[in-house]
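Worksheet for the structure shown next.
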Amino acid sequence: MNPIMQAPTIEYGTLAPMLLVFGAAVLGVLVEAFAPRYLRKVMQVPLTLVSLGGAFALVLVQVIMRGAPTEAVAMGAVAVDGPSLFIWGVILVLSFVCVLLVNDEGHFVASAAAVPGSADEEEAEAAGGAHTEIYPLLLFAVGGMMLFPAAHDLLTMFVGLEVMSLPLYLMCGLARRRRLLSQESSMKYFLLGAFSSAFFLYGTAMLYGYAGTVSLPGINKALAGGALLDPLLLIGFAMLGVGLLFKIGAAPFQAWKPDVYQGAPTPITALMASGTLVAAMGAVLRVFWVGLGNLDWNWRPVMWAVAALTMIVGAVLAITQTDIKRMLAYSSIAHAGFLLIGVMATFDKSQQNAGSLSAILFYLLVYSFTTVGAFAIVTMVRDPGGEAGHLSRWAGLGKRSPLLAGVFAFFLLAFAGIPLTSGFFGKYAVFAAALASGSESGDSLGGWMTGLVVLGVVASAVAAFFYVRVIVLMFFSEPAADGPSIAEPSMGTVAVIAVAALVTVGVGIFPQPMLDVAHQAAANLFIR
Amino acid sequence: MSSLWLPILLAVPVLGAVVVALLPKGADQVAKQVTLAVSLVVLALTLVMAFQFPSAKGDRFKFAAVYDWIPSFGVHFGVGVDGIALVLVVLSAVLVPIVVLASWHDADGVRTADGTLITPKRSVKTYFSLLLVLEAMMIGVFAATDIFLFYVFFEAMLIPMYFMIGSYGGAQRSYAAVKFLLYSLFGGLLMLVAVIGLYVVAGKSTFMFPELVGAIQDPATQKWLFAGFFIAFAIKAPLWPVHTWLPDAAAQAPAGAAVLLVGVLDKVGTFGMLRFCLELFPDAAKAFTMPIVVLAVISIIYGAIVAIGQSDMKRLIAYTSISHFGFIVMGVFAMSQVAQSGATLYMVNHGFATGALFLAAGFLIARRGSPHIADYGGAQKVAPLLAGFFLVAGLAGLSLPGLSSFVSEFMVMTGTYASKAHGSGALTVAAVVSALAVILAAVYILWMVQRVLNGPTAEPVKAFKDLNVREIVVLAPLVALIIGFGFFPKPLLDVINPAVNQTLVNVKVDNPAIAEKGAGQ
């Protein structure tokens, strides 16, 4: 041991995108503290958008000018490798798009502290109050989303997890309409999230006890030579798994998703359904591959069962939903199951690795864009009391606003994985990777991978039923006499929907450029 | 050097669809005219291409064009036609303009002779642009020489048909549309697994069909992949016991869409069996021959018996089609040249015959407002022309000699009867049992014709007007084709036979002409 404390070396250039987002978040807090009320929004919106755009530009510069680093930075705490940079890019674009939605009027409460329905609330609303804190909060969440999948040791990952989650808990409670539902969702998400964080931390401690280090490659090294049935290891790995699977909403840890997605303000739901899922999936990949790679005979069968259960639970329970946001939540659970198939395909010992990793990165990209587009449309269909959540309210929408309903139907078909949409190629890439990995000799699951893909296909067919049901409602049913109104969309919302639709169509017809990007990102795999 | 014929054939309807969709609101008449013009251009191009086919270059797939589409997945935009694909492309191109004309007023809000509204007014340009999109996909699905591209068309073509049934169909339309979509989608997804499996196991990093023929040698693998493809095609065709979506979909679809659904879309199933199931997995196809032929015979008899009991004209026609598809499947799996050529010819003839029957029935229904046979009677006296066309179409449905279906049904039965592909006599029994359907066909068609056309004229039927010029233009070409190919099927067979021979070579079945002389297999 070196008795002298050394100053840590930080590679500022490599970490610049993340640092920029965090820096802008801190600046945003200062704006809240010092700027007069009427100036805050005017200052916050450009600050947020510029920092997110700038961070994205920095990611591009990093990729084009210097290429992905091959060593972990910041004293081995953060790994800015190809997959990290890809995930950062996706998250930054998604959060930029979500800010455009947040920026729209009418989603957020005037005064969060006021009791719903009280005089205080009315007063705040009449005074035109607004929580501009939402912008720095969102930036902190985005910063956390960037750190979470890039963390190279479990403690840094935990910090990332918390920085990502805490602002989200808060933002879930800020919906303007249906305040009680929103507060309930915030509370549920917070309590369950706190539990899952505790699991994660406890698992980290156990693994530290086993390996003597929290660094992911260190744990893997310890696994290579150590006992694989050590209780510390098994308990630690199980608890870590619970914490991570909670975040992606895999069954049996999916119960929070529908409630939270339904109650949260829709722009925040869009951010959670896209950005959080992408970040958490990245973290799952890194932990199970870099950290627990040598334990694959233990975790892959468990993951098999989780993936199967997640797909089935997501697809089957979605059928019974009557609220559009809850339905999309269950759809997101089913898609998490498809992604887990990809995670399992990613781990095997041969060349396929890069192919499978690029498949899952590609899936994350196409799925998250379509999701944001779908939620953006949900914000536009409104009743007097807020968004028209109940599915029956969507009846006949295709007759009254054919364009909007058409685009939404297109997103739904993409979720269902119909060819000539991006969702099809995402699903194809993941299934192909899984079948390829299962057919290699020496794969620990072999033919079971084929079984999982068949299960995935059956789940897709079940899922198609509820997507199609919404299309039936919109196009083949007569509109209700007092149907919902379609909000005049702001430029921001139009831009969001346009971007999402362009990605869904473009990648659906010419997926090759995006596949190339994903392939390059995955070419050198994770830093080990 | 890639030929541009097929890419152009695909591009023209797509561009037409975009133009029609972008027309301003209220330009219904223009939308119809543009659609008709586009579909006629496609027909003209297809016919020119078809006449050049015998002299065109290329071994098996002529007018071939191959471009890289998704190199990472080994996917190409590969198109080309052999004789089998060509006749089906021509069938699609012939039926579309006829359907356009037949559906001229379908989206305007259909009124019966006494003025009651059957279907309300709906978006005209959406209907016709969906129709053109569907045409492009129908041509694409038959012309694809890349298996992935075939799959893309196979699945994507469900969507326009889904909207045509769901938005423009009868009272139960949304139920029927969803049932249609879910059945087909489920089959398609199983096929997707098999498509990926084929790619992975073959290990050739390409989806081009010619390169994948013979790539899978292991018999067990062949069986699994065969099953994935076959279930999808059996649902599409449809074969008993996965046929139940067809009567609902065909009965609820507007008559024009029903023609394309039964006449062309379902042929993708039988075409896929002949092209993909047989050639890619020959050992599995031979191993599964008997179970499949049994299913086909059940379809033949079951479809015919259930058709007799139908009270709804469109459902009746749908069930007769299930019976006919049984014949086609039996012919495909009989593994003899005569039976397979007959099956291919049947695909074309069935398209014309059933198309004519659906359209004639559709004209009756548009006048009376009811698909129920019991609501008619004595139509012959008030609308002799309509009755005449209905009768000829019906007779084609029961394969009367002299009409085109007879040739193909006869070929399928004799080819199956004589086939030695599966040991001694098993297929012979199948052919003999299936011949019973000929009698049943006479019952279901003639009984329907009798109840609809003959007898005392029912009160509402008296108000019927006979066919107008548009309706005659719709039915006359179909009836001409039915009679023409009934007496002179040679042009079609000349195109089909070489392709079928090639198929049999790839399946490694000796040409039955030799087999019958005792060479065995």
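The values are calculated or read from the model by the stated rules, or taken from the named source; none is laboratory data. Every value quoted in this text rests on a predicted model; they were computed, and no experiment measured them. No Cβ is skipped: glycine too gets one built from the backbone with ideal geometry, and neighbour counts run over all protein chains shown. Ligands, DNA and RNA are excluded from the accessible area calculation, which covers all protein heavy atoms including side chains. Shrake-Rupley method; radii C 1.70, N 1.55, O 1.52, S 1.80 Å.
Among the criteria (1) away from chain B (no Cβ under 14 Å); (2) crowded, with 24+ Cβ neighbours inside 10 Å; (3) closer than 19 Å to A:ARG469 by Cβ; (4) not β-branched (Val, Ile, Thr), the one A:SER392 does not fulfil is (2). Scanning segment B:52-66 for residues that are touching a residue at least 60 places away in the same chain (Cβ under 8 Å) and surrounded by 15 or more Cβ atoms within 10 Å (Cβ to Cβ) yields B:PHE53, B:ARG60, B:PHE61, B:PHE63, B:ALA64, B:ALA65, B:VAL66.
Quick check on my filter: what residues within segment B:455-474 are of a type in the set (S, T, N, Q) and either under 27 Å from the mean Cα position of the chain (by Cα) or loosely packed, with under 15 Cβ neighbours inside 10 Å (or both)?
B:ASN468, the sole residue that qualifies.
Of all the criteria given as (1) closer than 30 Å to A:ASN103 by Cα; (2) buried (at least 19 other Cβ atoms within 10 Å of the Cβ); (3) modelled with pLDDT under 90, the one not satisfied by A:LEU223 is (1).
So which residues in segment A:514-523 are aliphatic (A, V, I, L, M) and open to solvent by 60 Å² or more (accessible area, probe 1.4 Å)?
Our first condition is that a residue be aliphatic (A, V, I, L, M); within segment A:514-523, this holds for A:514-515, A:517-518, A:521-523.
Result: A:MET514, A:VAL517.
Look at segment B:373-385: where a residue is open to solvent by 10 Å² or more (accessible area, probe 1.4 Å) and a partner is among the charged types (D, E, K, R), sitting 6+ places away or on another chain with Cβ atoms under 7 Å, you get B:ASP375/B:ARG368; B:TYR376/B:ARG368; B:TYR376/B:ARG451; B:VAL382/B:LYS462; B:PRO384/B:ASP466; B:LEU385/B:ASP466.
Quick one: is B:LEU182 under 30 Å from B:ALA107 (Cβ atoms) and either at the interface with chain A (Cβ under 10 Å from one of its Cβ atoms) or not in a helix (DSSP H, G or I) (or both)? Show your work before the answer.
Details: under 30 Å from B:ALA107 (Cβ atoms): yes; either at the interface with chain A (Cβ under 10 Å from one of its Cβ atoms) or not in a helix (DSSP H, G or I) (or both): yes.
Yes; evaluated as a whole, the condition is true for this residue.
Count of segment B:284-322 residues, restricted to those that are of a type in the set (Phe, Trp, Tyr) and touching a Gly at 6+ places or on another chain (Cβ under 9 Å), is 2.
When A:GLY129, A:GLY143, A:GLY117 are screened for being in contact (Cβ under 8 Å) with a residue 60 or more places away in the chain and either surrounded by fewer than 20 Cβ atoms within 10 Å (Cβ to Cβ) or in a loop (DSSP other than H, G, I, E, B) (or both), only A:GLY117 passes. Pairs meeting the criteria (first residue in segment B:186-215 and facing chain A (nearest Cβ under 9 Å) and surrounded by fewer than 23 Cβ atoms within 10 Å (Cβ to Cβ), second residue among the β-branched types (Val, Ile, Thr) and assigned to a loop (DSSP other than H, G, I, E, B), beta carbons under 8 Å, at least 6 apart or on different chains) are B:VAL201/B:ILE216.
Can we say A:VAL214 is closer than 23 Å to A:GLY275 by Cβ, β-branched (Val, Ile, Thr) and buried (at least 18 other Cβ atoms within 10 Å of the Cβ)?
Working: closer than 23 Å to A:GLY275 by Cβ: no; β-branched (Val, Ile, Thr): yes; buried (at least 18 other Cβ atoms within 10 Å of the Cβ): yes.
Spelling it out, it is not the case that A:VAL214 is closer than 23 Å to A:GLY275 by Cβ, β-branched (Val, Ile, Thr) and buried (at least 18 other Cβ atoms within 10 Å of the Cβ).
Of A:LEU137, A:LEU100, all but one fail to be over 20 Å from A:SER368 (Cα atoms), in a helix (DSSP H, G or I), at pLDDT 80 or above and open to solvent by 30 Å² or more (accessible area, probe 1.4 Å); the exception is A:LEU137. Between A:ALA500, A:ALA481, the distinction of being at pLDDT below 80 and hydrophobic (A, V, I, L, M, F, W, C) belongs to A:ALA481 only.
Among the residues of segment B:475-502, just one is open to solvent by less than 50 Å² (accessible area, probe 1.4 Å) and in contact with an Asp or Glu (Cβ under 8 Å, 6 or more places away or on another chain), namely B:ALA499. For segment A:151-172, the criterion of a residue being at pLDDT below 90, part of a helix (DSSP H, G or I), surrounded by fewer than 24 Cβ atoms within 10 Å (Cβ to Cβ) and of a type in the set (A, V, I, L, M, F, W, C) is satisfied by no position.
Could you tell me whether A:ALA112 is within 21 Å of A:LEU174 (Cα to Cα) and open to solvent by less than 70 Å² (accessible area, probe 1.4 Å)? Explain how you work it out, then say what you get.
Working: within 21 Å of A:LEU174 (Cα to Cα): yes; open to solvent by less than 70 Å² (accessible area, probe 1.4 Å): yes.
Criteria met by A:ALA112.
Evaluation of B:THR416 against the conditions (1) in a helix (DSSP H, G or I); (2) open to solvent by 20 Å² or more (accessible area, probe 1.4 Å) shows that the sole unmet condition is (2). Among the residues of segment A:304-323, those identified as part of a helix (DSSP H, G or I) and surrounded by fewer than 24 Cβ atoms within 10 Å (Cβ to Cβ) are A:TRP304, A:ALA305, A:VAL306, A:ALA308, A:LEU309, A:ILE312, A:VAL313, A:VAL316, A:LEU317, A:ILE319. Cβ-Cβ contacts under 6 Å between residues 6 or more apart (or on different chains), taken from a first residue in segment A:496-512 that is in contact (Cβ under 8 Å) with a residue 60 or more places away in the chain and under 12 Å from A:LEU420 (Cα atoms) to a second residue that is polar (S, T, N, Q) and not in a helix (DSSP H, G or I), are listed as A:THR504/A:THR421; A:GLY508/A:THR421.
The single condition from (1) within 7 Å of chain A (Cβ to nearest Cβ); (2) at pLDDT 90 or above that B:ARG173 fails is (2). Cβ-Cβ distances below 7 Å connect the following pairs, each with a first residue in segment B:216-239 that is under 30 Å from B:VAL262 (Cβ atoms), a second residue that is of a type in the set (S, T, N, Q), and a separation of six or more residues or different chains: B:ILE235/B:SER184; B:LYS236/B:SER184; B:ALA237/B:THR270; B:LEU239/B:SER299. Where helices (runs of 4 or more DSSP H) fall wholly inside segment B:236-282, the ranges with 3 or more residues that are open to solvent by 10 Å² or more (accessible area, probe 1.4 Å) and more than 20 Å from B:SER336 (Cα to Cα) are B:245-252.
For every residue, the table says whether it meets (1) within 14 Å of chain A (Cβ to nearest Cβ); (2) modelled with pLDDT of 90 or more; (3) touching a strand residue (DSSP E or B) at 6+ places or on another chain (Cβ under 8 Å); (4) open to solvent by 20 Å² or more (accessible area, probe 1.4 Å).
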site: B:ASP68; (1), (2), (3), (4): yes, no, yes, yes
site: B:VAL75; (1), (2), (3), (4): yes, no, yes, no
site: B:VAL94; (1), (2), (3), (4): no, yes, no, yes
site: B:TRP104; (1), (2), (3), (4): no, no, no, yes
site: B:ALA113; (1), (2), (3), (4): no, no, no, yes
site: B:LEU134; (1), (2), (3), (4): yes, yes, no, no
site: B:ALA144; (1), (2), (3), (4): yes, yes, yes, no
site: B:PHE150; (1), (2), (3), (4): yes, yes, yes, no
site: B:PHE153; (1), (2), (3), (4): yes, yes, yes, yes
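A:ASN298 meets all of the listed conditions (1) closer than 30 Å to A:LEU328 by Cβ; (2) in a helix (DSSP H, G or I); (3) in contact (Cβ under 8 Å) with a residue 60 or more places away in the chain but one, namely (1).
Evaluate the following for A:GLY53: is it under 23 Å from A:VAL80 (Cβ atoms) and either touching a strand residue (DSSP E or B) at 6+ places or on another chain (Cβ under 7 Å) or small (Gly, Ala, Ser) (or both)? Spell out how you get there, then give the answer.
On the way: under 23 Å from A:VAL80 (Cβ atoms): yes; either touching a strand residue (DSSP E or B) at 6+ places or on another chain (Cβ under 7 Å) or small (Gly, Ala, Ser) (or both): yes.
Spelling it out, A:GLY53 is indeed under 23 Å from A:VAL80 (Cβ atoms) and either touching a strand residue (DSSP E or B) at 6+ places or on another chain (Cβ under 7 Å) or small (Gly, Ala, Ser) (or both).
Restricting segment B:480-515 to residues that are at pLDDT 80 or above and outside any helix (DSSP H, G or I), the residue that is nearest to B:PHE281 (Cα to Cα) is B:PRO489. I'd like to know if segment B:302-309 contains one or more residues that are part of a helix (DSSP H, G or I), of a type in the set (Ser, Thr, Tyr) and open to solvent by less than 10 Å² (accessible area, probe 1.4 Å). No, because not a single residue in segment B:302-309 is part of a helix (DSSP H, G or I), of a type in the set (Ser, Thr, Tyr) and open to solvent by less than 10 Å² (accessible area, probe 1.4 Å).
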